C-alpha cells in the first residue's frame, strides 16, 4: 500500500512537470543581438581638439542565461583646430584628431518590467589618428577599458536602447576619463 501511494505521488509530479507551458524558442535560452550605434564622447585629453566628439558604429553579441558577450566597433569623427600661419600669405592649416575603438564586451542582463538593464565592461584597442595640413598623419594604439550600463527595450524582433559609459585609456599619457553615450537600434533573434 505504501509503495502504491509513493508511485502515485511520483507519477503526479511527473505529469505536473509536463503540463507546465513555456514559450517556445528556436535557439533555446540564447539571444543574438545586432545593433547600429550613434553617439558621442567627451574629451580624453585636456588639450584641443577633441578626439571623440560624434561617432557611429555597430555591435553584435550573444546572451546566454543572462550573460552577454559581444563585439563592438565605434568610429569617432573627432574635431580639428586651425594651426598658426608662419609664412606671409600662406593659407592657415588645421590640426585634426579622430579615434576608432574596437573590442569585446561582457555583461549581465537584469530584466525589469519593459526594459533590460545590462551592466557591462568593454575592453579593446583605441586608435588615435592625428593629422595636420601638409604633414603625414600618425596613429597611436592603446588599450581601452569602458565600464558602463546599457538599457534596452524590445519590440518583437526589434530593439531600441541607450548606453552610458566611462572611457579609460590607462596606457595613454596625459589622458583623462571620458564620458561616452550612444543610442542603439537593432534586431534580436
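Under the simplified labelling scheme, the residue 121-residue 104 pair shows an inter-label distance of 1.2 nm, with each label point 7 Å from Cα along Cα→Cβ.
One decimal place: the segment residue 54-residue 187 gains 45.6 nm when fully extended, by the rule 0.36 nm per residue minus the C-alpha distance. Neighbour counting of Cβ atoms within 10 Å sorts the residues 95, 126, fewest neighbours leading, into 95, 126. Segment 25-188 gives an Rg/Rh value of 1.09, both radii derived from C-alpha positions and Rh following Kirkwood. Here the spin labels are modelled as points 7 Å beyond Cα on the Cα-Cβ line, and at residue 149 and residue 162 they lie 1.3 nm apart. Kirkwood radius, segment 106-189, all distinct C-alpha pairs, inverse of mean reciprocal distance: 15.0 Å.
Every read-out reported here was derived from the displayed coordinates using simple, explicitly stated rules and does not represent laboratory data. Since the structure is predicted, the reported quantities are computational estimates derived from the model, not experimental observations. Here the Cβ is made from the backbone with ideal geometry for all residues, glycine too, and neighbour counts use every protein chain on show.
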